[in-house]
Number of protein chains: 2
Amino acid sequence: MRFKILWPGKTRNKDLRAVEKSYLEKINRMGKCEVFETKEAKGISEKNVDRIKKIEAAGLEKFIKDDYIICLYDQGKEMSSKEFTRFLGRLATSSKKIVCFVVGGFMGLEDSFVERAHSVLSLSKMTFSHELCRLMLLEQIYRSLSVLNGRQYAK
Amino acid sequence: MRFKILWPGKTRNKDLRAVEKSYLEKINRMGKCEVFETKEAKGISEKNVDRIKKIEAAGLEKFIKDDYIICLYDQGKEMSSKEFTRFLGRLATSSKKIVCFVVGGFMGLEDSFVERAHSVLSLSKMTFSHELCRLMLLEQIYRSLSVLNGRQYAK
């Protein structure tokens with residue numbers, strides 16, 4: 001399976017970045033997964049939420065091809081890990097060649113961007129920092145691929 | 001507010017451990033939170049799940065005092081971050097002096113241990129590695145304390 005993950009800007013926390021890297025390496029032993037750090041809105045006051053989201057949506061847009069797009073979003077659908085694995089398993093046989101996950105930045109994703117996604121996923125009822133969400137997503141992809149490949153996965 | 005967190009053994013991933021440490025430092029600027037690495041069942045085949053859980057439950061037990069016990073458990077109650085914050089806010093005024101979170105090890109928590117908890121919490125419908133759960137819990141405690149202390153928290 002081929003995955004693409006888009007998120008605005010580099011992960012600032014270097015320790016989280018190191019964990020991301022190790023998950024990516026493990027995922028890439030079973031499939032192909034590439035992270036694209038898209039344009040991040042910088043130097044704009046947090047009060048201008050809409051402007052930040054608009055700039056970052058335009059940056060994400062550039063990397064969207066004819067992919068199956070899954071946006072991570074608070075109000076998305078929650079799945080158990082088993083459901084998520086089945087979901088990815090079904091996608092593996094679909095016509096779309098690449099599954100593209102999109103994780104919003106510091107202020108989240110623009111609504112209109114989320115509306116055009118094929119699926120909208122929520123990792124938890126709780127809100128986690130966008131940098132931690134990146135890691136949680138990678139862990140779930142790794143977990144699901146391990147199951148789909150018949151490997152045992154550390155709990 | 002005073003928190004105690006119990007989990008069996010040290011976090012093996014050094015990068016996750018570094019992130020844990022930085023969250024703990026941030027939490028301790030607003031409250032008091034101590035992590036106790038309890039006895040971990042080692043050298044036992046994973047097939048002996050019940051034995052592993054029993055050994056680790058006994059190790060956790062030693063650190064349980066007259067605390068308000070919250071176990072993290074797959075089948076626990078999911079809360080939004082707002083609900084979790086309100087929940088901690090209420091606990092701050094309760095008769096129990098310390099809120100004690102318990103996170104299971106590699107094989108999870110023993111059912112009988114979970115049954116005696118005052119609350120059972122699930123961080124997500126998805127299953128995450130126990131080491132990642134530790135981090136997710138710390139992030140939520142930090143997020144909630146920031147709100148309860150009237151500070152702005154990075155999204």
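Derivation of every value follows stated rules applied to the coordinates shown; laboratory data play no part. Note that this is a predicted model, so its numbers are computed, not measured. As a convention, Cβ positions derive from the backbone with ideal geometry for all residues, glycine included, and neighbour counts pool all protein chains shown.
Pairs with C-alpha atoms separated by more than 31 Å, drawn from the list A:LYS14/B:LYS96; A:LYS10/B:LYS10; A:LYS21/B:LYS62; B:LYS21/B:LYS82, are A:LYS14/B:LYS96; A:LYS21/B:LYS62.
Across q = 0.06, 0.08, 0.12, 0.14 Å⁻¹, the protein assembly as shown modelled as identical point scatterers on its alpha-carbon atoms has Debye log10 I(q)/I(0) values of -0.21, -0.37, -0.84, -1.13, in the order of the q list.
Work from the charge dipole of the protein assembly as shown (Cβ charges, +1 for Lys and Arg, -1 for Asp and Glu, about the Cα centre) and give the residue of A:MET136, A:LEU148, B:THR11 farthest towards its positive end. Looking along the dipole axis, the top candidate is B:THR11.
Projecting the Cα atoms of A:ALA92, A:GLY108, A:ILE64 onto the dipole axis of chain A, where Lys and Arg carry +1 and Asp and Glu carry -1 at the beta carbon, places A:ALA92 farthest toward the positive end. Axis angle, to the nearest 10 degrees, between helix B:49-61 and the longest C-alpha principal axis of chain B: 50 degrees.
Could you work out the local net charge near B:ASN28, counting Lys and Arg as +1, Asp and Glu as -1, over the other residues with Cβ closer than 12 Å to its Cβ?
+3
Cross-link pairs exceeding 21 Å in C-alpha to C-alpha distance, out of A:LYS65/A:LYS97; B:LYS32/B:LYS125; A:LYS125/B:LYS77, comprise B:LYS32/B:LYS125. Computed log10 I(q)/I(0) for region B:2-148 at 0.19 Å⁻¹: -1.22, from the Debye equation with unit scatterers placed on every C-alpha and solvent omitted.
With contacts taken as Cα pairs under 8 Å and at least 6 residues apart, region A:1-116 reaches a relative contact order of 39 percent. Could you tell me what % of all Cα pairs in region B:109-155 have separations over 14 Å? Everything past 14 Å amounts to 64 percent. Measuring between their Cα centroids, region B:69-111 and region A:19-87 lie 29 Å from each other. The charge dipole of chain B, taken about its Cα centre with unit charges on the Cβ atoms of Lys, Arg (+1), Asp and Glu (-1) only, comes to about 560 debye. Put in order of Cβ neighbour count within 10 Å, fewest first, the listed residues A:SER81, B:SER112 become B:SER112, A:SER81.
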